[in-house]
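Worksheet for the structure shown next.
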Amino acid sequence: MTIDQTDSLATAREFRELQQEMADSTAAMLGIHTLGEAVFCQRAAVLTLEKQEEDVGLEESALPVLGGLPTHDIDRIQAKLESLWRELRFWPLIVASCILPALIGLALMGNYYIAVLVSVSLVVFSRWPYELWCEIKYLQERLMIAQVAIKSEPDWTQVRTQAVDWWSLIRAGFNSVEKTRVLIDAELKIQGKPWRVLQRGQYQYPVILVKCDSEERLNQLRDGKLHPQQVARLVAYSCLLTLQERTKSEWAIVLFAGTDTGIAVPIVEKYFDYFKSGLATGRRLISNKDHGHRDIAEKPTKFNPCAGCRFGAPEVYRLQQGLAQTTPYLTRGTDGKLYHSQCGDRFGDVPLHRASEELGLHG
Ligand code: SF4
């Protein structure tokens, strides 16, 4: 679904009409990540539903790097830097407390064992300050990038997907805000939280973090080719911010994981269809589940979303996994190992994942 010249930004009135049209007081609360998966594949929605995780506005494999170091929030980067410097200051004390006993041992008793022991300890412990130092260097680089960024922002009057640079938007006066609570629409019965919100005055644009696992996909994203499930999520967040926070949220930002770049996506009314479809399917799946229908989710047939789906990715089966609640659905690969996948275990077949085909799991 592409944007053309006749499209205009969704207004608060259109979001309210959407809310009235899709309101259902009897429906169960639906997480926005589940809603998005319901657009992608019903089985993926069921798996997400059963994981009972909160929506945090990022795709599972787009998680932050380097052990969760802050990457895009200046305040957090500065706070983390301060705490790392504090930790690093302990290192000379530790070294001194190791070396002194060694010197005393050598001087008084000529005990070389203590000296050897201390040397070994120092070698082992030197990893710790080295890792701290690497983290400090990384965060300093992040701050430097933020400081030298040039102020720029999309032309918000042009209703088309536009490239953005995270730090340029920050320089243009946007604040990166992480919502402390989940946003809830009690009428639509949806809840979720974008990864961040870019806030400037009355404008609040939701930000999601998406994975780019190939150069080809990155180029598609740069051209604004989002997956329908991603569009559904953007509409949901914009709707929540517009109606619940009373802000102007007719744009959303898609940030490419592992980079500082992304796209600004105008939210237009024609995108509402993805949202409606995900909401309707998600509600039906919850209702089926509540009524004890375990395997009601249909497998996609029109195209093969399984090829790159994380739920269908084959994993080598290990014995201790036998303690898991679901009985694994095992298939032997051409390498002689037993494989299973989250989707396969749950629904009892081998998804057409590209790695499964390479491993010969389809017989
Ligand atoms: S592997 Fe295929 S059927 Fe299973 S959740 Fe993913 S897309 Fe759906």
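Rule-based calculations on the coordinates, nothing more; no lab input. Quick caveat, the model's predicted, so the values are computed rather than measured. Backbone-built Cβ (ideal geometry, glycine too); neighbour counts: all protein chains shown.
General remarks:
- Efficiency of FRET between ARG181 and GLU215 - r from beta-carbon atoms, R0 35 angstrom, step 0.05: 0.40
- Spin-label proximity, GLN52 to the stretch 3-29 - amide N less than 19 Å from point 7 Å beyond Cα toward beta carbon: 28-29
- Net length gained if the chain between ASN304 and ASP155 were fully extended (0.36 nm per residue, minus Cα distance): 50.0 nm
- Length gained on full extension, GLN162 to ARG246, computed as 0.36 nm times the residue gap minus the Cα-Cα distance: 27.8 nm.
- Backbone N under 16 Å from the ARG16 label point (7 Å along Cα→Cβ), restricted to the stretch 202-246: 239-246
- With the simple spin-label model, which puts each label point 7 Å out from Cα in the Cβ direction, the LEU93 to ASN288 separation comes to 6.0 nm.
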